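The values are calculated or read from the model by the stated rules, or taken from the named source; none is laboratory data. All figures in this text were calculated on a predicted structure; none of them were measured in a lab. Here the Cβ is made from the backbone with ideal geometry for all residues, glycine too, and neighbour counts use every protein chain on show. Side chains are part of the model used for accessible areas, which takes the heavy atoms of the whole protein and leaves out ligands, DNA and RNA. Shrake-Rupley method; radii C 1.70, N 1.55, O 1.52, S 1.80 Å.
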Amino acid sequence: MPTIAIVGAGPQLGLAIARTFGTHGYGVALIARNHAKLENLVGELTAEGISAAAFPADVLDRDVLTRALKDAAAHFGSIDVLEYSPVGGLGSTAMTAPSETDPVHVQHEMEFQLYGAIAATRAVLPAMREAGAGTLLFTTGAGSIDPVPVIGNVNAAAAALRNWAINLHKELDGTGVQAAHVAIDVSIGSAVMPGHAVAQAEEISPVYWELHTTRRDQAEVVFSS
């Protein structure tokens with residue numbers, strides 16, 4: 001069975017992506033910090049007839065993240081798609097404007113966004129290269145393209161991840177492995193800021209399926225409503 005590994009699996013976008021791929025016959029490996037929440041998501045997917053399993057890991061611990069992805073590949077037989085979209089909570093992420101940013105504020109976000117993505121990719125890419133097939137998808141907010149001052153440090157790290165993902169797409173051209181960046185220019189589920197556009201996760205998740213199947217030449221998609 002082909003399998004997608006979703007790193008940063010959450011109850012909105014992560015679950016919607018899992019359902020989109022799961023309904024097409026994919027196994028789903030869910031990777032996030034909270035074991036109890038992961039098990040709840042696995043229960044939901046299993047009840048819907050989707051083969052799913054949880055592999056707890058914190059993306060800040062790159063050794064544990066690598067091991068979780070290796071365990072997922074052993075469990076399902078392969079990882080055919082990696083989707084990386086960890087989301088920090090308000091308690092773990094200090095949001096700073098550019099002029100107020102200390103290097104440590106950016107360093108935390110780089111560890112969380114860019115370095116975690118690199119570690120996850122290194123765990124699954126060799127097998128994809130050997131197979132001559134696979135998809136690597138990396139998600140950020142649209143601030144990676146058009147930054148917003150109040151979250152200057154978050155946007156800086158997201159921009160680094162975007163740059164790396166698009167460059168990876170260029171490197172992998174002709175190998176059969178697709179890498180792409182998805183920038184989400186909406187709030188998911190409900191408005192985070194007044195006047196900001198809102199979309200449901202189920203409206204966004206088909207983008208990931210299209211990048212995996214019919215839009216494999218694209219290095220980037222910006223989702224906006």
May I ask you to list the residues in segment 191-225 that are open to solvent by 70 Å² or more (accessible area, probe 1.4 Å) and among the β-branched types (Val, Ile, Thr)? 192, 214, 222
Report, by residue number, each residue of segment 138-161 that is open to solvent by 30 Å² or more (accessible area, probe 1.4 Å), modelled with pLDDT of 95 or more and not in a helix (DSSP H, G or I). 145, 146, 147
Of 47, 53, the only residue that is touching a Leu at 6+ places or on another chain (Cβ under 8 Å), more than 23 Å from residue 130 (Cα to Cα), among the small types (Gly, Ala, Ser) and at pLDDT 95 or above is 53
Would a scan of segment 75-86 turn up a residue that is modelled with pLDDT of 95 or more, open to solvent by 50 Å² or more (accessible area, probe 1.4 Å) and within 26 Å of residue 38 (Cβ to Cβ)? yes
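Matching residues to (1) in contact (Cβ under 8 Å) with a residue 12 or more places away in the chain; (2) out of contact with any helix residue (DSSP H, G or I) (no Cβ under 8 Å at 6 or more places or on another chain):
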position	(1), (2)
87	yes, yes
103	no, yes
110	yes, no
121	yes, no
136	yes, no
143	yes, no
147	yes, no
Assuming residue 24 fulfils every condition listed in (1) surrounded by 16 or more Cβ atoms within 10 Å (Cβ to Cβ); (2) assigned to a loop (DSSP other than H, G, I, E, B) apart from one, which condition is it? (1)
Of the conditions (1) touching a Ser or Thr at 6+ places or on another chain (Cβ under 8 Å); (2) open to solvent by less than 70 Å² (accessible area, probe 1.4 Å); (3) within 22 Å of residue 2 (Cβ to Cβ); (4) in a helix (DSSP H, G or I), residue 121 fails just one. Which one is it? (1)
Checking 157, 197 in turn, the sole residue that is under 15 Å from residue 84 (Cβ atoms), out of contact with any strand residue (DSSP E or B) (no Cβ under 6 Å at 6 or more places or on another chain) and not acidic (Asp, Glu) turns out to be 157
